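The numbers here are math on the coordinates, done by the rules we state, and not lab data. Given the structure is predicted, the values throughout are model-derived calculations rather than measurements. Every residue, glycine as well, gets a Cβ built from its backbone with ideal geometry; the counts of neighbours run over all protein chains shown.
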Amino acid sequence: MTKNTGGRPATTTEPRWLQGGELSAWVSLARVLTLLPPALERQLERDADLNWMEYHVLAMLSEQDRHTMRMSTLAGNANSSLSRLSHVVRRLEQQGFVRRGPDPADGRYTLAILTPEGYEKLAASAPAHVENVRRLVFDALEPGELETLRSAFDRIHAAVDAADRGR
């Protein structure tokens, strides 16, 4: 590498800088990524006394057969480290919403199990959360934009997931 006139190292390949519509779309997405999660979290904390991760864990468990999932699988589905998930589940256990137990199929694994109280908490919390999601996300869309948004997010997710697996 040699120095170019701008004082930055010169490379054999110039970066693929964001241009025009790409840059404005990226700035818009970055704003959403910055503002939406705290807005969702504020509502959950205010109305349900849950943070986003706690709600997400309860919701994922509620969708499983017997409301049970291996902790390692739950961590992967929540895009969380097992250590971070353990802290979240510990807080939910202290509130009586989740319990942990050995996996009867393989005792090396620990199961997270949604309790009836946890299901009731989720059921009581979901309507306000879903209304907030609708108000902040879906009500802002024009008719016909939903499928385009879903398709774009699915492709972005696939690209990020592939990049993560190729670390």
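Of Leu35, Leu92, Leu23, the residue with the greatest mean-square motion in the GNM of the chain, using alpha carbon springs below 10 Å, is Leu23. Annotation: the residues Trp52, Trp26, Trp17, sorted from fewest to most other C-beta atoms within 10 Å of their own C-beta, follow the order Trp17, Trp26, Trp52.
GNM remark for the chain: springs join alpha carbons under 10 Å apart, and the peak mean-square fluctuation among Glu93, Glu41, Glu14 falls on Glu14. With contacts taken as Cα pairs under 8 Å at a separation of at least 6 residues, the chain carries a relative contact order of 18 percent.
Evaluate the stretch 46-126: find the radius of gyration of its Cα atoms, find its Kirkwood radius, and give the ratio Rg to Rh.
Here Rg/Rh amounts to 0.94.
Using R0 = 22 Å, the C-beta based FRET efficiency linking Ala59 and Arg155 works out to 0.35. Computed across the chain, the Kirkwood hydrodynamic radius from all distinct Cα-Cα pairs reaches 19.2 Å. Per-residue ellipticity at 222 nm computed for the chain from its helices equals -20500 deg cm²/dmol, with DSSP H segments shorter than 4 residues left out and the rest contributing -39,500 (n - 2.57).
Footprinting exposure proxy ranking of Tyr55, Tyr109, fewest other C-beta atoms within 10 angstrom first, gives Tyr109, Tyr55. For the options Asp103, Asp65, Asp47, a Gaussian network treatment of the chain with springs between C-alpha atoms closer than 10 Å singles out Asp65 as fluctuating the most. Each of Ile113, Ile156 has some number of other Cβ atoms within 10 Å of its Cβ, and from fewest to most they run Ile156, Ile113.
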